[in-house]
1. Tell me which residues, restricted to region 46-57, are assigned to a loop (DSSP other than H, G, I, E, B) and within 8 Å of ligand 1 (Cβ to nearest atom).
2. From the set of residues in region 128-141 that are at pLDDT 90 or above and touching a strand residue (DSSP E or B) at 6+ places or on another chain (Cβ under 7 Å), which is surrounded by the most Cβ atoms within 10 Å (Cβ to Cβ)?
3. Within region 31-59, take every residue that is farther than 23 Å from residue 101 by Cα and surrounded by 15 or more Cβ atoms within 10 Å (Cβ to Cβ) and give me the one that is nearest to ligand 2 (Cβ to nearest atom).
4. Of the conditions (1) touching a residue at least 40 places away in the same chain (Cβ under 8 Å); (2) in a helix (DSSP H, G or I), residue 88 fails just one. Which one is it?
5. Across region 106-115, what is the total count of residues that are in contact with a strand residue (DSSP E or B) (Cβ under 8 Å, 6 or more places away or on another chain) and either under 10 Å from residue 80 (Cα atoms) or away from ligand 1 (no atom under 11 Å from the Cβ) (or both)?
6. When both residues are 6+ apart or on different chains and their Cβ atoms are under 7 Å apart, which pairs have a first residue that lies in region 109-127 and is within 16 Å of residue 94 (Cβ to Cβ), and a second that is in a helix (DSSP H, G or I)?
Ligand SMILES: Nc1nc2c(ncn2[C@@H]2O[C@H](COP(=O)(O)OP(=O)(O)OP(=O)(O)O)[C@@H](O)[C@H]2O)c(=O)[nH]1
Ligand SMILES: [Mg+2]
């Protein structure tokens, strides 16, 4: 066994002792996956992840740089890295793609035509990026509670058509992440 492996084993034993001392018992064994979450500023990435982590989505502030949340599910933990979507941050997105195993792209379904065009270009850049092009994509059409929201059909069959038949991708609809059954109220 290499020195690195031995060090890792000791660190893990320390961690188990720490949990036992804190009366937390052994940690649940759940696979972890690293995801990257992108989308224009205001599309609702932080709000979505806060809800998924059972945190209040009230008073969310725009993400400067990136933030990482461990989103727990029954059978897995998703380590989601949200990249801020402001104009001056988007050019650095690709620096943070390495190691991702899946992509969440969040859209503001009620945004202006110009913003939608920008979002479409960013989505297609991500779909073509060498570090993302083979990964599963989730495209979330958020802000569906707004009257001006476009339907998911417009995204799927209109100008947003994703020409990547070899990768799985999904679009959620019905309501926003807040209102749909996707996330608890
Ligand atoms: N009406 C409505 N408002 C939403 C929805 N999702 C998010 N918001 C609001 O939109 C605003 C921006 O949400 P954020 O979660 O900060 O957006 P973001 O994509 O993380 O933005 P950046 O971090 O700047 O990239 C907040 O005021 C949210 O409360 C939604 O589905 N419907
Ligand atoms: Mg954010």
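The values are calculated or read from the model by the stated rules, or taken from the named source; none is laboratory data. Worth saying up front: this structure is predicted, and the values here are computed from it rather than measured. Positions of Cβ are backbone-derived with ideal geometry, glycine not excepted, and every protein chain shown enters the neighbour counts.
1. 57
2. My answer is 132.
3. The residue in question is 42.
4. (1)
5. Residues flagged as in contact with a strand residue (DSSP E or B) (Cβ under 8 Å, 6 or more places away or on another chain) and either under 10 Å from residue 80 (Cα atoms) or away from ligand 1 (no atom under 11 Å from the Cβ) (or both) within region 106-115 amount to 1.
6. Hits for this filter: 122/90.
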